[in-house]
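Asker: Dumping the structure here so I can ask a few things about it.
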Amino acid sequence: MRIEYDRDTCIGMFQCVAEWDAFERDSDAGKAVLADSEERTEGTFVREVPDDAELDAKFAARACPVDAIAVYDDDGEQVV
């Protein structure tokens with residue numbers, strides 16, 4: 001499972017930070033940061049989700065008020 005985070009879309013409500021500790025608050029930028037991620041395209045960050053964190057990653061994606069976070073299964077299908 002992987003998670004994709006569009007930092008440009010983020011409005012800094014930080015609900016994702018409350019749901020999964022892979023998201024961190026960057027108060028200076030007013031945006032969340034996805035720890036241990038790679039920037040795939042400008043502003044879009046991707047990382048694998050550990051098996052024991054799949055539920056937390058899904059909650060983080062669902063909590064985002066602007067849909068800046070998407071979760072994909074191993075087949076590439078979007079699940080959140």
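The values are calculated or read from the model by the stated rules, or taken from the named source; none is laboratory data. If you're wondering where the values come from, they're calculated on a predicted model, not measured in any experiment. No Cβ is skipped: glycine too gets one built from the backbone with ideal geometry, and neighbour counts run over all protein chains shown.
Asker: Anything in the range 9-61 that is part of a strand (DSSP E or B), over 9 Å from the mean Cα position of the chain (by Cα) and either among the hydroxyl-bearing types (Ser, Thr, Tyr) or within 20 Å of Val79 (Cα to Cα) (or both)? List them, or say none. Write out each step before concluding.
Answerer: To start, the set of residues in the range 9-61 that are part of a strand (DSSP E or B) comprises 23-26, 31-34, 38-41, 44-48.
Checking which are over 9 Å from the mean Cα position of the chain (by Cα) leaves us with 24-26, 31, 38-41, 44, 48.
Within the range 9-61, Arg40, Thr41, Thr44, Glu48 meet the criteria.
Asker: If you don't mind, there's one more thing I want to ask. Of the residues Gly76, Gly43, which single one is surrounded by fewer than 17 Cβ atoms within 10 Å (Cβ to Cβ), farther than 15 Å from Arg7 by Cα and either of a type outside the set (A, V, I, L, M) or touching a Leu at 6+ places or on another chain (Cβ under 8 Å) (or both)?
Answerer: Going through Gly76, Gly43 in turn, just one is surrounded by fewer than 17 Cβ atoms within 10 Å (Cβ to Cβ), farther than 15 Å from Arg7 by Cα and either of a type outside the set (A, V, I, L, M) or touching a Leu at 6+ places or on another chain (Cβ under 8 Å) (or both): Gly76.
Asker: Quick check, is Asp56 surrounded by 13 or more Cβ atoms within 10 Å (Cβ to Cβ), touching a strand residue (DSSP E or B) at 6+ places or on another chain (Cβ under 9 Å), of a type in the set (Asp, Glu) and modelled with pLDDT of 95 or more?
Answerer: no
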